[in-house]
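Inspection log for the structure reproduced underneath, given as structure tokens.
The values are calculated or read from the model by the stated rules, or taken from the named source; none is laboratory data. Nothing here was measured: the structure is a model prediction, and the numbers come from that model. Cβ coordinates were reconstructed from backbone atoms using ideal geometry, including for glycine residues, and neighbour counts include every protein chain displayed.
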Amino acid sequence: MGSTYLLQQLLTGISLGGAYALIAVGYSMVYGILMLINFAHADIFMMAGYFMIFSFAAMPWPVAIVVVILGTILLGVTIEKVAYKPLRSAPRMSIMISAIGMSYLLQNLATYLFSALPQAYPAIPGLKKLIKLGDLNSSMVTFVTPIITIILVVLLMMLLKRTKIGMAMRAVSKDYDTAKLMGIKINQIISLTFVIGSALAAIGSILYFTDRMSVTPFSGTLLGLKCFVAAVLGGIGSVPGAVIGGFIIGITETTLIAMGYSTFSSAFTFLILIIILMVRPTGLLGETLTEKV
Amino acid sequence: MRVKNPKHTWYSILLALVILAATIYLEFNRSKYGMAVSVIQKSLIFAVVAVAMNLLNGFTGLFSLGQAGFMAIGAYATAMLTIPVERMEAVYYMSGVVPWLMSLKRALSVLPEPVLIIIAMLIGGMIAGLFAFLIGIPVLRLKSDYLAIATLGFAEIVRGIISAPQLDQFTNGSYGLKNIPGFGSNSLSFMPDGFGVLLVPLFASTILIGFIVLVINSSYGRAFKAIREDEIAAEAMGINLLKHKQMSFVLSSFVTAIAGGMLAMFMRSIEPRAFSTIITYDILLIVVIGGLGSITGSVLGAFVVTFAKDWFLRFFDVPLIIGGFQVPFLRIGFRMVIFSILLMVVVLFYRRGLMGNSEFTWHGFFNLFRRRLKRPEVMAETSGGSMSPIIIAPGRDQAPAPLIPDPPGGEPEEEADEEAADE
């Protein structure tokens, strides 16, 4: 077990963390604006995997990738319009149940349409190519994932910080009611949040499944949980926080697997959640909020 | 406060007797009504879990999604302690049994089987309660969203740990456990063989649900409701938030685990895959359809959903060909799609479910028929206010939610269905 092995594992961990980060951003942004754990997000990610299988078979891969991203965005926005928008003024428990209902529906729909058996994920040309970098040996996707993640997150941060619509999004997440009074079109902002979240989930799913090579209707469940923990760890509502959280969870998980504790790696993620909630419930980069009467 | 009508008490007793008589009839003719017996057993078990979930979701306003995990704990505790000692080697044929478990089982084997089963279930319940307590310490201080995610994670982890190959000698990993004694197989000596298939689960469910009803009607229950309505106001009234939330969570997990033990006895063989998140969602479906905050609603929901899912709507999953033409959509898995759409429809359009947050009362029951008969005149006033088409006890549901808990004895409700049996 030399330093090469360690570096190799670290690389795998960073790559996994990149995929986690992309999904965690979706959770974090929706929670920041709607105060809702979007339980369906993990299943949107899973559906994106199936979209890829089918579109890859039907068209050349660059087109397929675009189709998958657009399809996932459409799914995410539709879910928001159908399941969350009518409940905007309802008690929070109803919205949460609606989100779970959506997750249940997507899982059952996927089982019905594609059967519960794992389906082979297509290999996008170039992404599975083995690359040698010094002593490190890995497929292209492992190197590419963290780079794509960083680029996308930087773009997103620029959108949030530099543009008018980004400012509106930050305003809504800061104070929903005041933002509404200032004339911000809340529904547009929420839709945009789902567009961004779903697009990132689609890209994350391409990177994640290329490495895993198969999709099942339940691929999203545990992964979604881990990504939500990543978002909480980084500070829910904060985009850079979600990315940092994603990388931390990805690296710890791979380290544990490398040490031979693969069955307990998810238990460890859960332990991280408990510890972070005890020590610093606002997460690494979160702001403290006090509930006013 | 409504005065209890003595006639209605008699109706309740009558209903309990009818249920008891029907159960005994089915019990004696169980070979003829095999399907009904098994669906009723399952409904009774799910009714308990649904009521326990409702205690948290509907009455305390906390959201736990750990039902699958707590049920798994209860089921495995019951299974590991009740599989007959001489069958253990055969069940753990792959990697053998941990020695201390064997010696514990030998020590316990002096007990008669029914006692052993009860002890096993209680142990399962206590382990689940302990875990709930430990999770509750950090999580219940925060917003209830975190409880949902923490318990969901907990359930996945319980499943992961049970199926871990490192624990093969303890939980038999992914091979699952077999030869668990069923409800009929542990009769006491004075009963005919195989008797108790329905009566035992009916009795157990009645006790468990009755226990939760007692808690809800106590001062603790009123504190739970106050927390549900407004945490800050409840705290201002002097309710210790953390203590009461802990209590509700631990109690609910305890009962859920016992029901998990009953499920193990019902299924006779269990494996980790049976306790996936889907089972939690199934129970949530029951609670939502029955009505958040209604015990009788949950019991009713358990029967309606289980009967529909496991019996009446089976044909959704079977391809059907009429005159050479294949009916579209009917294929494995379609039933569950229908159920998930149903859940969404209930959540979006009939948020109150079957019963809303009111309980079954004879008064409301008769009103239902009275309103049906006089529909044309009443139409104008009923169509305006309510969302749900089925309202059992009108008048209570539209009342503003009380900030202050109800005065003692102020609940004008009679126990229906199952609860009536232990009056």
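A few remarks follow.
- Residue within segment B:259-268 that is part of a helix (DSSP H, G or I) and surrounded by fewer than 24 Cβ atoms within 10 Å (Cβ to Cβ) present: yes
- Considering the conditions (1) away from every other protein chain (no Cβ under 13 Å); (2) surrounded by fewer than 21 Cβ atoms within 10 Å (Cβ to Cβ), A:Met35 is excluded by exactly one of them, (1).
- Checking A:Ala116 against (1) facing another protein chain (nearest Cβ under 9 Å); (2) part of a helix (DSSP H, G or I), the condition it does not meet: (2)
- Any hit, segment B:59-80, residues being out of contact with any Cys (no Cβ under 8 Å at 6 or more places or on another chain), among the aromatic types (Phe, Trp, Tyr), touching a residue at least 12 places away in the same chain (Cβ under 8 Å) and more than 28 Å from B:Gly160 (Cβ to Cβ): yes
- Residue match in segment B:186-199 (condition: in a helix (DSSP H, G or I) and touching a residue at least 60 places away in the same chain (Cβ under 8 Å)): yes
- When segment B:332-356 is limited to residues that are touching a helix residue (DSSP H, G or I) at 6+ places or on another chain (Cβ under 7 Å) and assigned to a loop (DSSP other than H, G, I, E, B), the one that is nearest to the other protein chains (Cβ to nearest Cβ) turns out to be B:Gly333.
- Of everything in segment B:130-148 that is within 7 Å of chain A (Cβ to nearest Cβ) and in contact (Cβ under 8 Å) with a residue 60 or more places away in the chain, the residue that is surrounded by the most Cβ atoms within 10 Å (Cβ to Cβ) is B:Ala148.
- The set of residues in segment B:158-185 being among the hydrophobic types (A, V, I, L, M, F, W, C), surrounded by 20 or more Cβ atoms within 10 Å (Cβ to Cβ) and modelled with pLDDT under 85 consists of B:Phe183 alone.
- Top-ranked residue in segment B:106-120 [being free of Cβ contacts under 8 Å to residues at least 12 places away in the same chain and β-branched (Val, Ile, Thr); ranked as surrounded by the fewest Cβ atoms within 10 Å (Cβ to Cβ)]: B:Val110
- Selection count where residues are surrounded by 12 or more Cβ atoms within 10 Å (Cβ to Cβ) and within 14 Å of chain A (Cβ to nearest Cβ), scope segment B:320-331: 3
- Residue selected from segment A:114-145 under the condition more than 17 Å from A:Arg212 (Cα to Cα) and either crowded, with 16+ Cβ neighbours inside 10 Å or of a type in the set (Val, Ile, Thr) (or both), by the criterion nearest to the chain's Cα centre (by Cα): A:Phe114
Yes or no, residue by residue, for (1) more than 11 Å from chain B (Cβ to nearest Cβ); (2) in a helix (DSSP H, G or I); (3) within 26 Å of B:Arg141 (Cα to Cα):
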{"site": "A:Ile196", "(1), (2), (3)": "yes, yes, no"}
{"site": "A:Ile203", "(1), (2), (3)": "yes, yes, no"}
{"site": "A:Leu207", "(1), (2), (3)": "yes, yes, no"}
{"site": "A:Ala230", "(1), (2), (3)": "yes, yes, yes"}
{"site": "A:Ile249", "(1), (2), (3)": "yes, yes, yes"}
{"site": "A:Phe270", "(1), (2), (3)": "no, yes, yes"}
{"site": "A:Ile276", "(1), (2), (3)": "no, yes, yes"}
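- Boolean, A:Pro125 is within 29 Å of A:Leu16 (Cα to Cα) and either in a loop (DSSP other than H, G, I, E, B) or in contact with a strand residue (DSSP E or B) (Cβ under 7 Å, 6 or more places away or on another chain) (or both): yes
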